[in-house]
Amino acid sequence: MSLEGAIITEVTLVDKIERSRTGEFRSQSLPDHLLHVCISGEVDQVAAGVAQRFGAGQAIWYHENEPIRGRVIVAPWIFYTVNFRAPALPPPPLTRRVSRVTNETIDRMRRLHEAWLTTNLSPVRRHLQVHSVLCDVISDLLAEEEQHHRIDRPTQLWWEIESRLRSRLDDPIDLKLLGELSGTSQRSVARACHLATGMSPMKRVKQMRLNYARGLTQLSKMSMTHIALQIGYSRVQEFSRDYRAAFGCTPSQDRSAGPDY
């Protein structure tokens, strides 16, 4: 069930997960938004090309099928997780996806899990309880991010465009295409992107491509030529140059060094 006009349009999963052993793991986040709130353990990982460390009393926010490679360094790793759809809500920037949470937020996640498992309520009441508690959790997590989050229509426009772009990063992308995808003018697209991300559309597209490429470089065995083509570069030399400018090393050097944890 979804409510027209709601920021959260659907909750698809709430669970409590325990990994009892230390060691390496690989996974991929789910589509849309995925939140983990940790109550025990400690983890090092690389998600979407960004190294992260988190553990008990912290939350981590994933968005749109991000590849993950990590290591449980303190077990047991126990966390609440929730997967939800909120097209108008952008995630925090990649460098601020891990945040400290209070005991109140952990308690909200416990109540969210209980509401999700409740079967003796009507579908409408269960839906409302789940969505209400999740809204409080998100409000907690975004308390320090308010200046970076906008949900006005121009900002939503850009996130809608970006969602469509994620499945076609190998296509030639220019302002004309972005205008066609959005049904608006190129000027409106540029304004929307600047409001949402603080950068121009083409600079943001390059950032998306290179972040995705870094995940493929570190987590897959694909050749650099294949990775370059996968994200829209026809020349490996150009891809390597932009990769070095973004991350301080070439793709081959990054793969040889391995994840930074």
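The values are calculated or read from the model by the stated rules, or taken from the named source; none is laboratory data. Treat the numbers as computed from the prediction; the structure is a model and nothing was measured. Methodologically, a virtual Cβ is constructed for each residue, glycine included, from the backbone with ideal geometry; neighbour enumeration extends over all protein chains shown. Accessible surface is based on the protein model in full, side chains and every heavy atom, while ligands, DNA and RNA are left aside. Shrake-Rupley method; radii C 1.70, N 1.55, O 1.52, S 1.80 Å.
Quick check on the chain: helices-only [θ] at 222 nm, where DSSP H runs of length 4 and up contribute -39,500 (n - 2.57) each and the sum goes over total residues. Nearest 500, please. Don't jump to the answer; show the numbers that get you there.
Numbers: 9 runs with 112 residues, N = 261.
Theoretical 222 nm ellipticity from helices: -13500 deg cm²/dmol.
Find the centroid of the Cα atoms in segment 213-255 and in segment 105-145, then give the distance between the two in whole Å.
Spelled out, the Cα-based centre of one part sits 40 Å from the other.
Looking only at Asp140, Asp242, Asp174, which one moves most when the chain is put into a Gaussian network model with springs between Cα atoms under 10 Å?
Comparing Asp140, Asp242, Asp174 in a Gaussian network model of the chain, the most mobile one is Asp174.
Over segment 52-174, calculate the relative contact order: mean separation of alpha carbon pairs under 8 Å at least 6 apart, over the residue count, as a percent.
On the way: 71 pairs, mean separation 38.8, N = 123.
Here the relative contact order equals 32 percent.
State, as an integer percentage, the relative contact order of segment 1-100 based on alpha-carbon contacts under 8 Å between residues 6 or more apart. Numbers along the way, then the final one.
Values: 252 pairs, mean separation 40.4, N = 100.
It comes to 40 percent, rounded to a whole number.
With all protein chains present and a 1.4 Å probe, how do Tyr233, Tyr243 order by accessible area, largest first? Each step should come with its number before you reach the end.
Values: Tyr233 20, Tyr243 0 Å².
Reading off the accessible areas and sorting them downward yields Tyr233, Tyr243.
Would the chain count as rounded, prolate or oblate if I go by the C-alpha gyration tensor, calling it rounded below 1.5 in a/c and otherwise prolate when a/b exceeds b/c, oblate otherwise? Don't skip to the end; give the middle numbers.
Details: a/c = 2.20, a/b = 1.24, b/c = 1.77.
Oblate, because a/c is 1.5 or more while a/b does not exceed b/c.
Classify segment 201-261: rounded, prolate or oblate, from the alpha-carbon gyration tensor (a ≥ b ≥ c, eigenvalue square roots; a/c under 1.5 rounded; otherwise prolate if a/b is larger than b/c)?
Working: a/c = 1.59, a/b = 1.32, b/c = 1.21.
It comes out prolate by the Cα gyration axes.
Under 10 Å, Cα contacts only: if you run a Gaussian network model on the chain, which one of Asn65, Asn120, Asn83 comes out with the highest mean-square fluctuation?
Of the options given, Asn120 has the highest mean-square fluctuation.
Just to be sure I understand: if I project the alpha-carbon convex hull of segment 173-231 onto a plane and average over all orientations, what area do I get in nm²?
Numbers: hull surface 17.5 nm².
Hull-based average projected area comes out at 4.4 nm².
In segment 212-261, carbon and sulfur make up what percent of the accessible area (probe 1.4 Å)?
Values: 1340 of 2740 Å².
Percent of accessible area from carbon and sulfur atoms in segment 212-261: 49.
Over the chain, give the accessible area per residue in Å² for a 1.4 Å probe, as an integer.
Numbers: 13360 Å² over 261 residues.
Here the per-residue accessible area is 51 Å².
For segment 28-159, rounded, prolate or oblate, judged on the Cα gyration tensor with a ≥ b ≥ c (square roots of eigenvalues), a/c < 1.5 rounded, else prolate if a/b > b/c? Each step should come with its number before you reach the end.
Values: a/c = 1.69, a/b = 1.09, b/c = 1.55.
It comes out oblate by the Cα gyration axes.
Using a Gaussian network model on the chain with a 10 Å cutoff between Cα atoms, which of Ala59, Ala75, Ala228 fluctuates the most?
Taking springs between Cα atoms under 10 Å, the residue moving most is Ala75.
As an exercise, identify the trypsin sites (Lys or Arg not before Pro) in segment 10-71 lying in DSSP coil whose Cβ has no more than 13 other Cβ atoms within 10 Å. Walk me through the intermediate numbers first.
On the way: sites: Lys16, Arg19, Arg21, Arg26, Arg53, Arg69, Arg71; in loops: Arg21.
For trypsin sites (Lys or Arg not before Pro) across segment 10-71 that sit outside H, G, I, E and B with at most 13 neighbouring Cβ atoms in 10 Å, the list reads Arg21.
Tell me, what % of the accessible area of segment 21-162 is carbon and sulfur with a 1.4 angstrom probe? Mind dumping the intermediate values first?
Details: 3080 of 6440 Å².
Here carbon and sulfur together make up 48 percent of the probe-accessible area.
Could you tell me the relative contact order of the chain? Use alpha-carbon pairs under 8 Å, at least six residues apart, and round to a whole percent. Kindly include the intermediate steps, with their values, before the conclusion.
Numbers: 439 pairs, mean separation 46.7, N = 261.
Relative contact order of the chain: 18 percent.
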